[in-house]
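Colleague: Can you read through this structure? Questions will come right after.
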Amino acid sequence: MTTKKKITAVTAKKKDEMVKVALLGFGTVGSSVAKVLAEQKFPGIILTHVYNRGVARKRESVAAKYVPATAKWTENIDDVLKSDVDVVVELMGGLNPVEGWLRKALSSGKHVVTANKQLIAYRGVSLQKLATQHGVQLVYGAAVAGGVPVIPGILQGLSGDRVNRLSGIVNGTCNYILSRMETGAEYATVLKDAQQLGYAEANPSADVDGFDARAKLCILSRIALHAELNPDEVSTQTISTVEAIDFVYAKELNCTIRQVSRAQLDGAVVHARVAPMLVPLTSPMAWSHGTQNMVVTSGNYGGDVVFSGHGAGGEPTAVAVVSDLLAVSQGAKAVELPVRKRQVTGEFLAPHYLRFVVDDKPGIVSSIAGALAKVGANIDSLLQRPGYPKHRLPFVVTTEPCATGVIDKAISSIAKLDCMLERPLTLQMLVPDDKVE
């Protein structure tokens with residue numbers, strides 16, 4: 001009975017009634033949400049609560065001027081959960097203690113708007129069931145690609161299609177680093193710049209090692225491929241082993257390098273991977289620079305659709321959050337289609353880029369060719385730029401299309417050669433309509 005009254009209060013407000021909103025988190029995105037609400041003055045919506053740790057300091061911040069004077073600032077989450085707010089907007093991130101708070105909010109008849117990609121990747125299905133059970137909505141349009149409306153675009157605009165493949169650049173930090181390296185900068189230098197600019201955390205592992213993008217790929221797979229994936233089973237590869245020389249060789253192959261998140265449905269299995277990959281210069285993903293995000297979906301009926309824009313930053317992300325809030329406050333409901341648990345593998349049938357750094361000796365190329373031939377992989381090309389010392393010589397071999405696992409087996413053998421000064425770098429090469437294995 002309580003839940004029914006709550007739904008009516010949110011979805012059928014009278015003209016003189018307000019939709020009450022609580023904001024959990026007043027950091028970069030949370031304060032930007034407050035700013036958008038204050039400047040846009042959307043009718044029928046009022047910010048009534050702001051929760052944050054160290055709330056006294058937040059109240060003294062410049063952004064606090066965007067919070068209505070009547071709003072309650074608090075460090076006690078029960079002030080929000082036990083209040084009569086209609087919508088809880090969560091912008092704190094992480095699983096604990098946020099998951100428990102949002103479960104209580106949904107169970108008490110409050111709608112939830114969140115940008116929490118880890119929460120939605122790991123707990124999205126169960127949270128959605130809880131929301132449905134209590135007649136409220138769980139909306140997370142800002143969880144992937146920030147201000148780019150890829151989630152609502154897929155849910156509302158592509159639900160009539162049968163999407164079988166998606167790929168994209170969904171981590172602005174990695175895209176900033178790799179597009180800077182494209183001009184000749186070294187990884188360590190660019191990472192330091194990214195940290196100073198606020199694009200990368202002091203511990204950048206979540207971004208550079210692929211875990212942030214992995215969570216986003218799982219969310220996209222759920223809504224586009226209708227496949228529930230366990231994020232921990234999705235293959236990831238760090239960008240930290242990519243060097244400036246790799247962009248030089250990539251250019252010779254008419255490619256660049258980007259962190260790509262890709263998933264392809266193959267019967268009951270989804271092939272999924274997050275890794276730095278060689279991307280043809282003709283691909284839309286090669287055009288994405290800085291903190292831009294891009295997602296490309298491929299459907300049986302509608303073909304390819306590209307979503308692109310600024311994925312990072314407080315204000316672009318706040319636009320997505322506020323758009324979700326407006327949709328909820330006006331009773332809009334997302335399309336829901338069945339989602340099935342799927343097995344996941346990182347195997348793809350693709351050409352591969354192999355970069356070696358060696359103490360040059362006779363017979364190295366034949367040893368590499370022999371190791372590749374032993375597992376059934378064929379060399380397509382060999383590139384060696386002049387000007388590097390023989391005692392530390394970088395050169396590249398590309399292969400004809402083969403399974404990633406096959407290449408990994410060969411590399412394990414090649415890495416043991418006495419001439420190898422570091423473990424060879426292996427990158428998939430994207431090609432149009434590449435296949436799975």
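Colleague: Give the number of residues within region 368-404 that are modelled with pLDDT of 95 or more, surrounded by fewer than 18 Cβ atoms within 10 Å (Cβ to Cβ) and of a type in the set (G, A, S).
Modeller: Qualifying residue count for the region: 5.
Colleague: Given V80, V88, V136, V125, which one is farther than 24 Å from L229 by Cα, among the hydrophobic types (A, V, I, L, M, F, W, C) and surrounded by fewer than 24 Cβ atoms within 10 Å (Cβ to Cβ)?
Modeller: V80
Colleague: Let me ask you something else. Do we have any residue at all in region 31-44 that's part of a loop (DSSP other than H, G, I, E, B) and touching a strand residue (DSSP E or B) at 6+ places or on another chain (Cβ under 7 Å)?
Modeller: Scanning region 31-44, I find at least one residue that is part of a loop (DSSP other than H, G, I, E, B) and touching a strand residue (DSSP E or B) at 6+ places or on another chain (Cβ under 7 Å), so the answer is yes.
Colleague: Moving to a separate point now. Cβ-Cβ under 8 Å, sequence separation 6+ or interchain: first residue in region 187-207 and under 13 Å from T238 (Cβ atoms), partner aromatic (F, W, Y). Which pairs?
Modeller: Listed by first residue and then by second, the contacts come to S205/F211.
Colleague: Ok, one more. Looking at region 90-101, is at least one residue acidic (D, E) and assigned to a strand (DSSP E or B)?
Modeller: Yes - at least one qualifying residue is present in region 90-101.
Colleague: Across region 176-199, what is the total count of residues that are open to solvent by less than 10 Å² (accessible area, probe 1.4 Å), at pLDDT below 95 and either more than 18 Å from the chain's Cα centre (by Cα) or within 17 Å of V274 (Cβ to Cβ) (or both)?
Modeller: At the first step, the residues of region 176-199 found to be open to solvent by less than 10 Å² (accessible area, probe 1.4 Å) are 177-178, 181, 190, 194.
So of that shortlist, the ones also at pLDDT below 95 come out as 194.
Filter once more, so that each one left must be either more than 18 Å from the chain's Cα centre (by Cα) or within 17 Å of V274 (Cβ to Cβ) (or both): none.
Residues that pass the stated criteria total 0.
Colleague: Something else about it: Quick test for you: out of D408, D360, pick the one residue that is open to solvent by 40 Å² or more (accessible area, probe 1.4 Å), in a loop (DSSP other than H, G, I, E, B) and over 30 Å from Q128 (Cβ atoms).
Modeller: None of the others qualify; the one that does is D360.
Colleague: Pick from region 306-340 the residues that are of a type in the set (A, V, I, L, M), out of contact with any helix residue (DSSP H, G or I) (no Cβ under 7 Å at 6 or more places or on another chain) and not in a helix (DSSP H, G or I): which of them is surrounded by the fewest Cβ atoms within 10 Å (Cβ to Cβ)?
Modeller: L337
Colleague: Only one residue in L220, L253 is hydrophobic (A, V, I, L, M, F, W, C) and open to solvent by less than 20 Å² (accessible area, probe 1.4 Å). Which one? Break it down into steps so the answer makes sense when it comes.
Modeller: Working: L253 fails: open to solvent by less than 20 Å² (accessible area, probe 1.4 Å).
That would be L220, the only listed residue that is hydrophobic (A, V, I, L, M, F, W, C) and open to solvent by less than 20 Å² (accessible area, probe 1.4 Å).
The values are calculated or read from the model by the stated rules, or taken from the named source; none is laboratory data. Here the structure is a predicted model, which is why all the values come from computation and not from measurement. Here the Cβ is made from the backbone with ideal geometry for all residues, glycine too, and neighbour counts use every protein chain on show. Surface accessibility is based on the protein's heavy atoms, side chains included, excluding ligands, DNA and RNA. Shrake-Rupley method; radii C 1.70, N 1.55, O 1.52, S 1.80 Å.
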